[in-house]
Amino acid sequence: IARKAWDLFAGAMEQGAERQLESYKFVLERNPAPEFMFNGFGPFTVERKELRSQIITVAQSTGFGWERTVHISGSKASGKTTLLRLVGEDLLKAGKTVYYFENSRDLNGILPAIRDHDKELSERIFFLVDETQANTGSSPFTFLLKSAKNIVMIGAGIPDYGASSEGFSMRLQTSKLFITRQELEEEGVVDYFADGSAANVEQVSALVFHIHRDCGGHVYPLMRLSELLVRAIVKEGASAEDCINTYDSHGFRNSREFGEVCRRILPDVGKYDLIKLFRGDQDQVAVNRLERAGFCDSSGRII
């Protein structure tokens, strides 16, 4: 009786894990891109087609699933999640089966279902796993990195901070997520901020390129700060020089909006921590905070 009860219980648990796994299936629903509309700067998405192509080429190449894993390494608010979802869209359009986990902790409790799924598969499927730094020691995570034959994991997380990024076959480094000046034009960023007006393009370009240089190509501050400042050009006829002077002013740098941008990128790092670091002061607390935000590697080198 006890054995029968246990079998029933185990069967119910297994079925529950299967249903739970199915709930993570990724669906194509960018109409009009609801998952991309809450980045803080409106509905525009930097598409990163070249990066997507690189990731998919590796993920779909021959070999076992664990041999084709890819890790998108990036600092906070650098576009990791958006890129991960865009890759998922491409795979769905190619007729592939895709599962999406918002956090690597979501893998907990469904290892039996993942293992069974992997055994039953006759063709490759893809697990997109975000926030890899949150749960790298788990058994499901280890299975996907070292044993899965037909499941390819594409992960995204903060590099060198417990993200196990070295365990992936390919690592897309943080610097790759920083957008180049050429990409600003190719991706249509300037045209987006010019609001369809050819007359605004020259002034908007000058402003956006200035902010790009100042941010080092980090996508979120570039887009958010451009949005805040470009309105004066588009709505009020201001010049790029006027907007750049505003951007460089103490008033703007002390504004609530500018502070929000800084806190999103460096949530635990204060202004004086950064000043000390750039002066060469050895402050391990500040280094650790930068490391958690993805701007400092494990050797203490600022990215």
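The values are calculated or read from the model by the stated rules, or taken from the named source; none is laboratory data. The shown structure was predicted, so the numbers you read here are calculated from the model rather than taken from an experiment. Positions of Cβ are backbone-derived with ideal geometry, glycine not excepted, and every protein chain shown enters the neighbour counts. With ligands, DNA and RNA removed, areas are computed over all heavy atoms of the protein, side chains included. Shrake-Rupley method; radii C 1.70, N 1.55, O 1.52, S 1.80 Å.
On the given criteria, is Arg224 buried (at least 21 other Cβ atoms within 10 Å of the Cβ) and closer than 27 Å to Gln173 by Cα? Here the answer is yes, as Arg224 does meet what is asked. In this structure, is Ser249 open to solvent by 20 Å² or more (accessible area, probe 1.4 Å), without any contact (Cβ under 8 Å) to a residue 12 or more places away in the chain, hydroxyl-bearing (Ser, Thr, Tyr) and farther than 30 Å from Ala156 by Cβ? Judged against the criteria, Ser249 is a match.
Answer yes or no as to whether Ala194 is without any contact (Cβ under 8 Å) to a residue 24 or more places away in the chain and small (Gly, Ala, Ser). It is false that Ala194 is without any contact (Cβ under 8 Å) to a residue 24 or more places away in the chain and small (Gly, Ala, Ser).
Name the single residue, out of those in region 171-188 being basic (Lys, Arg) and in a helix (DSSP H, G or I), that is farthest from Leu290 (Cα to Cα). Quick ask: steps written out before the conclusion?
First, the residues of region 171-188 that are basic (Lys, Arg): 171, 176, 181.
Now narrow it down to the ones that are in a helix (DSSP H, G or I): 176, 181.
Numbers: Lys176: 19, Arg181: 25 Å.
Step by step, filter region 171-188, then rank; the result is Arg181.
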